[in-house]
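Trainee: Pasting a structure here, questions to come.
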Ligand SMILES: [Zn+2]
């Protein structure tokens, strides 16, 4: 059964657990979008801190707390989705470079593919 990490990044299933997998994951995580995401999270957290102060003064406390939690989850989710796309793309690129047959744009496993075209997205596959 796949772990939570493998559910979030299904490309990891194609790699045996071990140092090579850890190295590829570390490389994928340290992409340019991760830095942007860290900045966006800081902006979201700062914005919510300012909002918290205004909400707590104007709306009864239970509602303001729920609104703050909701806004934080929406902001956090959007930043994580944005980052996940980049991490998956960087993982697929590394997998393809090490000879594991995978479609870089869509992540389809191309093991046994003879046509030279990804059946999922139609991308031509470099041999
Ligand atoms: Zn594809």
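The values are calculated or read from the model by the stated rules, or taken from the named source; none is laboratory data. Quick caveat, the model's predicted, so the values are computed rather than measured. Cβ atoms come from the backbone with ideal geometry, glycine included; neighbour counts cover every protein chain shown.
Trainee: Condition check: modelled with pLDDT of 90 or more, in a helix (DSSP H, G or I) and surrounded by 14 or more Cβ atoms within 10 Å (Cβ to Cβ). Does residue 11 satisfy that?
Mentor: Numbers: modelled with pLDDT of 90 or more: yes; in a helix (DSSP H, G or I): yes; surrounded by 14 or more Cβ atoms within 10 Å (Cβ to Cβ): yes.
Here the answer is yes, as residue 11 does meet what is asked.
Trainee: For residues in the stretch 63-117 being in a loop (DSSP other than H, G, I, E, B) and touching a helix residue (DSSP H, G or I) at 6+ places or on another chain (Cβ under 7 Å), which is farthest from residue 32 (Cα to Cα)? Spell out the reasoning first.
Mentor: We begin by selecting, within the stretch 63-117, every residue in a loop (DSSP other than H, G, I, E, B); these are 98-101, 103-108, 110-116.
Pick out the ones that are also touching a helix residue (DSSP H, G or I) at 6+ places or on another chain (Cβ under 7 Å) and you get 100, 104, 107.
On the way: 100: 24, 104: 18, 107: 20 Å.
Looking at residues that are in a loop (DSSP other than H, G, I, E, B) and touching a helix residue (DSSP H, G or I) at 6+ places or on another chain (Cβ under 7 Å), I get 100.
Trainee: Also, I was wondering about something else. Working only within the stretch 24-70, note down all residues that are over 14 Å from the mean Cα position of the chain (by Cα) and closer than 14 Å to residue 88 by Cα.
Mentor: 24
Trainee: Follow-up. How many residues does the stretch 74-108 hold that are within 10 Å of the ligand (Cβ to nearest atom) and touching a residue at least 24 places away in the same chain (Cβ under 8 Å)?
Mentor: Kept after step one, since they are within 10 Å of the ligand (Cβ to nearest atom), are these residues of the stretch 74-108: 92, 102-108.
Still in the list and also touching a residue at least 24 places away in the same chain (Cβ under 8 Å): 92, 102, 107.
Going through the stretch 74-108 one residue at a time, the tally reaches 3.
Trainee: What is the residue count in the stretch 14-35 for residues that are touching a helix residue (DSSP H, G or I) at 6+ places or on another chain (Cβ under 8 Å) and surrounded by 11 or more Cβ atoms within 10 Å (Cβ to Cβ)? Please lay out each step first, then the result.
Mentor: Here is the first cut: in the stretch 14-35, the ones touching a helix residue (DSSP H, G or I) at 6+ places or on another chain (Cβ under 8 Å) are 14-15, 21, 24-25, 27-29, 31-34.
Checking the rest, the ones that are also surrounded by 11 or more Cβ atoms within 10 Å (Cβ to Cβ) come to 14-15, 21, 24-25, 27-29, 31, 33-34.
Count: 11.
Trainee: Residues that are within 16 Å of the ligand (Cβ to nearest atom), under 20 Å from residue 10 (Cβ atoms) and surrounded by 14 or more Cβ atoms within 10 Å (Cβ to Cβ): does the stretch 113-120 have at least one?
Mentor: Taking the stretch 113-120 first, the residues within 16 Å of the ligand (Cβ to nearest atom) are 113-120.
From what is left, the residues that are under 20 Å from residue 10 (Cβ atoms) are 113, 118-120.
Going one step further and asking which of them are surrounded by 14 or more Cβ atoms within 10 Å (Cβ to Cβ), we end up with 113, 118.
There is at least one residue in the stretch 113-120 that is within 16 Å of the ligand (Cβ to nearest atom), under 20 Å from residue 10 (Cβ atoms) and surrounded by 14 or more Cβ atoms within 10 Å (Cβ to Cβ).
Trainee: Could you check residue 124 against (1) within 16 Å of the ligand (Cβ to nearest atom); (2) within 20 Å of the chain's Cα centre (by Cα) and say which number it fails?
Mentor: (2)
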